[in-house]
Amino acid sequence: MRITGTGHASMRIDTSAGSILCDPWVNPAYFASWFPFPDNSELDWKALGDVDYLYVSHLHRDHFDAKNLRENISKKATVLLPEYPTSQLEDELRELGFTKFFKTKSNEVHELDGGLKVMIQALISPTDGPIGDSSLWIEHDGVRVLNQNDARPTDLGIFAELGHVHAHMLQFSGAIWYPMVYELPESAKTAFGKQKRDRQFDRTWRYIDDLKADHVFPIAGPPCFLDDELWQFNDIFGDEGNIFPDQSVFLSEYAKVGGTNGIVLLPGSVTELSEGEATTTHPTPIDEFFANKKAYLEEMRQRKAPIIEAEKASWRHPEIDVLGELKKRIEPLLEESIYLAKGVGGPVRFDLTDSFGTSGEVIESIVVDFPGKQVRPYADEKVRYRFKTGRALIEHLIHIDEGDWVNSLFLSCRFSAARIGQYNEFVYAFFKCLSEERLQYAEGWYDEHEKAVEAEDTQFGDWTVQRRCPHLKADLSRFGIVDGNTLTCQLHGWKFDLPSGRCLTSVGHKIRAEKNA
Ligand code: FES
């Protein structure tokens, strides 16, 4: 089996029974904030795109690149489709011209022509990616690969049961706006960033240890940020609170926990993988490449500046009545929302500036009032969350009728945020469900989830605790650790106070716990 690195989470896998191209992302994503690092735009995408199968793991724009898919990927390719509850991924691929779909069943092995076996696990909670993230398992000629991507399964057991895995590709770096965009003192941001960075690595070690593959490939990040306003997010300033460590940092951190089987793929690197070994060749020496990262990014920044400027020029639509349009689109959803609206529990304010981000004057303040089920001008009140961003970005979201503001505005990091109280996942869940189909799905999921997590128990010393984590149902008998009266679920690091049942990480999500008599 041959694995060719094509940048970020993308790779091409060649076997004698056919080739699969995964997540071919090239063009900047999220309001031109994220670029693939290292740059993969010089690869021969027409040749790479001449494949038998295409796998797009999910709709996040650093995985689903509509422009590249439209222009360069063969429409003869059969799409290996994850089993998602909404049809959006399939619909968007059809719009781009793909017509051949192999609809997989989640967690079922499918045998394709020539004995190529595939299994796709689809994760479907409202907090998994843009409502859906997935991993691809492949077997051919006795060689097994798990492309876990940036998915966060609660358990890799289902893949391990299919036989020893030879190559495990997984995320290790950050892909979120926290804590950088929060209006906090720098020292607090650094402390939170460091915790986040450590937690990302801990989670990665846990997954690696679960699967015990022969070779581990760090993929799916970090992106690079080339716009002046975002430049400081690149991990080139020796900031221990930066959440975007690169592949070379992965290798050194992995070595500290005894890991010696890491393989970094640059765009154009090729690994020949067999049951016994993996041999990798690179287009340029790896150590040298990462040693020159800062100069590399500086050069890329110059080169890509016109692309960013052209994108910015397309965002402004000052003729749009932002308040009126948001009222029209969001109020009917607020009316239907039970779980999400209750979960947010207060007004959320948007301060809109005359720039493309947080600089400049605030020219309009709008409140999405969840308890009052209204969108209206800000009325000098206390709010749950406050976001500050460019009016032009919201104008553009309205213009393109964007139904997922996480997969556009929030991942762009072109905003700042402040909140009263704890993190509230419902705020972001709501703003990724700005369509009828998505909102209904999320509401239904929370309804079922609330009932399901209550069912079984597990024991921690003196405590009887519900077995499933109130966050995303991780099995706490595997992921839970108790220190004093605090239980931590190691899957995403959420903490719970056992005597009161209170979630210490987010609003809501109470845990059921009782001290044994
Ligand atoms: S499942 Fe996310 S912290 Fe437990």
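Could you list, in sequence order, all residues of the range 172-199 that are without any contact (Cβ under 8 Å) to a residue 24 or more places away in the chain and surrounded by 15 or more Cβ atoms within 10 Å (Cβ to Cβ)? Of everything in the range 172-199, just one residue is without any contact (Cβ under 8 Å) to a residue 24 or more places away in the chain and surrounded by 15 or more Cβ atoms within 10 Å (Cβ to Cβ), namely L184.
Scan the range 236-275 for residues that are open to solvent by 70 Å² or more (accessible area, probe 1.4 Å) and either touching an Asp or Glu at 6+ places or on another chain (Cβ under 6 Å) or assigned to a loop (DSSP other than H, G, I, E, B) (or both) and report the count.
Residues in the range 236-275 being open to solvent by 70 Å² or more (accessible area, probe 1.4 Å) and either touching an Asp or Glu at 6+ places or on another chain (Cβ under 6 Å) or assigned to a loop (DSSP other than H, G, I, E, B) (or both): 6 in total.
Across the range 305-338, the number of residues qualifying as within 22 Å of S365 (Cα to Cα) and among the β-branched types (V, I, T) comes to 3. Between D287, D202, the distinction of being open to solvent by 60 Å² or more (accessible area, probe 1.4 Å), free of Cβ contacts under 8 Å to residues at least 40 places away in the same chain and either in a helix (DSSP H, G or I) or polar (S, T, N, Q) (or both) belongs to D287 only.
For the residues E311, E335, E325, E364, the requirement of being touching a Lys or Arg at 6+ places or on another chain (Cβ under 9 Å), part of a helix (DSSP H, G or I) and more than 23 Å from G421 (Cβ to Cβ) singles out E335.
I'm told F37 meets every condition in (1) crowded, with 18+ Cβ neighbours inside 10 Å; (2) more than 26 Å from S314 (Cα to Cα) except one. Can you identify the failing condition by its number? Every condition holds for F37 apart from (2).
Yes/no per residue for (1) modelled with pLDDT of 95 or more; (2) under 23 Å from K117 (Cα atoms):
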| site | (1), (2) |
| --- | --- |
| P130 | no, no |
| S134 | yes, yes |
| L162 | yes, yes |
| Y182 | yes, no |
| T190 | yes, no |
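What about W405, is it over 24 Å from the mean Cα position of the chain (by Cα), at pLDDT 90 or above and buried (at least 17 other Cβ atoms within 10 Å of the Cβ)? Against the criterion (over 24 Å from the mean Cα position of the chain (by Cα), at pLDDT 90 or above and buried (at least 17 other Cβ atoms within 10 Å of the Cβ)), W405 does not qualify. When restricted to residues that are open to solvent by less than 30 Å² (accessible area, probe 1.4 Å) and over 14 Å from L69 (Cα atoms), the range 40-59 contains 1.
So in the range 82-111, with the set limited to residues that are free of Cβ contacts under 8 Å to residues at least 24 places away in the same chain and within 21 Å of the chain's Cα centre (by Cα), which one is most open to solvent (accessible area, probe 1.4 Å)? Among those residues, the one meeting the criterion is D91.
Is it the case that some residue within the range 129-146 is under 14 Å from A220 (Cβ atoms) and of a type in the set (F, W, Y)?
no
Residues in the range 342-360 that are in contact with a strand residue (DSSP E or B) (Cβ under 6 Å, 6 or more places away or on another chain) and in a loop (DSSP other than H, G, I, E, B): D354, S355, F356, G357, T358, G360. Restricting the range 473-507 to residues that are within 8 Å of the ligand (Cβ to nearest atom), touching a residue at least 60 places away in the same chain (Cβ under 8 Å) and within 23 Å of F172 (Cβ to Cβ), the residue that is most open to solvent (accessible area, probe 1.4 Å) is Q490. L397 fulfils the conditions (1) farther than 28 Å from G174 by Cβ; (2) touching a Leu at 6+ places or on another chain (Cβ under 7 Å); (3) without any contact (Cβ under 8 Å) to a residue 40 or more places away in the chain; (4) part of a helix (DSSP H, G or I) except for a single criterion, (1). Residues in the range 441-472 that are under 29 Å from the mean Cα position of the chain (by Cα) and hydroxyl-bearing (S, T, Y) were compared, and the one that is nearest to the ligand (Cβ to nearest atom) is Y446.
Counting only strands (runs of 3 or more DSSP E) wholly contained in the range 112-171, the ones carrying 1 or more residues that are open to solvent by 10 Å² or more (accessible area, probe 1.4 Å) and closer than 25 Å to G18 by Cβ occupy 117-123, 133-140, 143-149.
When you go through (1) modelled with pLDDT under 95; (2) out of contact with any Leu (no Cβ under 8 Å at 6 or more places or on another chain) one by one for D228, which number turns out not to apply? Looking at each condition in turn, D228 falls short on (1). Does L434 satisfy being within 11 Å of the ligand (Cβ to nearest atom), open to solvent by 10 Å² or more (accessible area, probe 1.4 Å) and touching a residue at least 24 places away in the same chain (Cβ under 8 Å)? No: the conditions fail for L434.
The values are calculated or read from the model by the stated rules, or taken from the named source; none is laboratory data. Note that the structure is a prediction, hence the values are computed from the model and not measured. FYI the Cβ positions are ideal-geometry reconstructions off the backbone, even for glycines, and counts take in every protein chain you see. Only protein heavy atoms, including side chains, enter the accessible area calculation; ligands, DNA and RNA are left aside. Shrake-Rupley method; radii C 1.70, N 1.55, O 1.52, S 1.80 Å.
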